[in-house]
Amino acid sequence: MTGPWLGGAELFLPVSFAGFALFGVVVGAQGVLWAPLMTALALGPGAFGSAQLLAPLVAMGFLLTAGPLTARMGKKTAALAGLGLLAASLAALARAGGLGGLLAALALQGAGVGLLETALNGAVLDWEDATGRRVMNVMHAAFSGGAVGGAFGAGVVLEHGGYYGSVLVVLAAGCLALAAGIPPVRYPSTRAPAGRMGRSLRALARQPALLALAGLAVLGIVGESVANTWSVIYLTEQGASLLVGGAAFALFNGAMATGRLANARLVAAIGPRGSLLASGAGLVLSGAALVAPSPVGVAVAGFVLLGLAVAGIIPTVLSAAAEAARGDSGTVAGGVLAVAYGGFVVAPPLVGWLAELFSLQGALVSVGASGLGVLWLARRIP
């Protein structure tokens, strides 16, 4: 294999894999830490869910400018900046003493996540374009596997009397440690055709296939964001301990990891549309399990099924979008993910305020509704 990025190229895949895995550890741990943090800050589900708007909104701003931004600074620099901001946000979250501190930490986190999402996904799309090999499902499986470890580890620490702030500080240190290993890595070159690197989201929106794929990404994110923010809170409301809630969230992410490893073969066998239709059906079934009056064990099974259902949506959408706009990975990854982050914007506050009005269990009807949307849109993918 040859290319202008050889020399540190052998480091690219393992370091990228580690980046996805660490990102997953942070998300998995935070999914468990939200419950004690919400209690410590004395916030209700409506206010807490509304605060969750800030990070994805800031991330969307960075993702929307991903094409020109990564063209100017490079994906390696974007990854380093993203890890630095993510570390700062975790440290700030550990010290948050009220709603203002929470919002400041979430704003920092949004900036870090936006840069890191663009750098990680865009660089892997470059590598796929350069080699003709497909590894996006494996990378996203690393994210889900990391989330398993993060969720289970955080649950064990809390169950044994640990402080959530200590976990956040350890996560911040992990981000800085990974950043220290990135400088020797040689990133693949973009090789975008002239005039295409800075293509705007408006230009991408002229392609109906990309619009449909972005819509599917939004609906996939809805299920994932519901689990990330509300699964442990919901299960503890049902009488489960934090350890059981953390284990359930770990199982959700383990199911995502398994689903993503299997999704590559599924796409090869039945195509992207078939994979997305299977995901939609799984979302409908998992939503039914979550909203039906049932023991905690059934709810845990519902979250496991939810993990399997959403597993393949984002990697399938990203690879399909890259095929539709070959050579412009920064704009593709950033543009599609920016639209997808609409799910993170809508779902947490929507579920939070529905929980205030009715119950958290009833609010989880959003999961099944997103599955119906996936089924409707997937049938319209060429």
The stretch 129-150 residues that are over 18 Å from Val267 (Cα atoms) and part of a helix (DSSP H, G or I), paired with ones that are open to solvent by 10 Å² or more (accessible area, probe 1.4 Å) and β-branched (Val, Ile, Thr) (beta carbon under 7 Å, 6 or more apart): Gly146/Val25; Ala147/Val25; Ala147/Val27; Gly149/Val25; Gly150/Val25; Gly150/Val27
Meets criteria (of a type in the set (Ser, Thr, Tyr), within 17 Å of Asn121 (Cα to Cα) and assigned to a helix (DSSP H, G or I)) for Thr70: yes
Residue match in the stretch 323-339 (condition: open to solvent by less than 40 Å² (accessible area, probe 1.4 Å), assigned to a helix (DSSP H, G or I) and at pLDDT 80 or above): no
Number of positions in the stretch 285-301 that are among the aliphatic types (A, V, I, L, M) and open to solvent by 50 Å² or more (accessible area, probe 1.4 Å): 5
Test: Val304 is touching a Leu at 6+ places or on another chain (Cβ under 8 Å) and open to solvent by 20 Å² or more (accessible area, probe 1.4 Å): yes
The stretch 61-119: number of residues that are touching a Phe, Trp or Tyr at 6+ places or on another chain (Cβ under 7 Å) and free of Cβ contacts under 8 Å to residues at least 12 places away in the same chain: 0
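The values are calculated or read from the model by the stated rules, or taken from the named source; none is laboratory data. In this text the structure is predicted, and so the values were computed from the model without any measurement. No Cβ is skipped: glycine too gets one built from the backbone with ideal geometry, and neighbour counts run over all protein chains shown. With ligands, DNA and RNA removed, areas are computed over all heavy atoms of the protein, side chains included. Shrake-Rupley method; radii C 1.70, N 1.55, O 1.52, S 1.80 Å.
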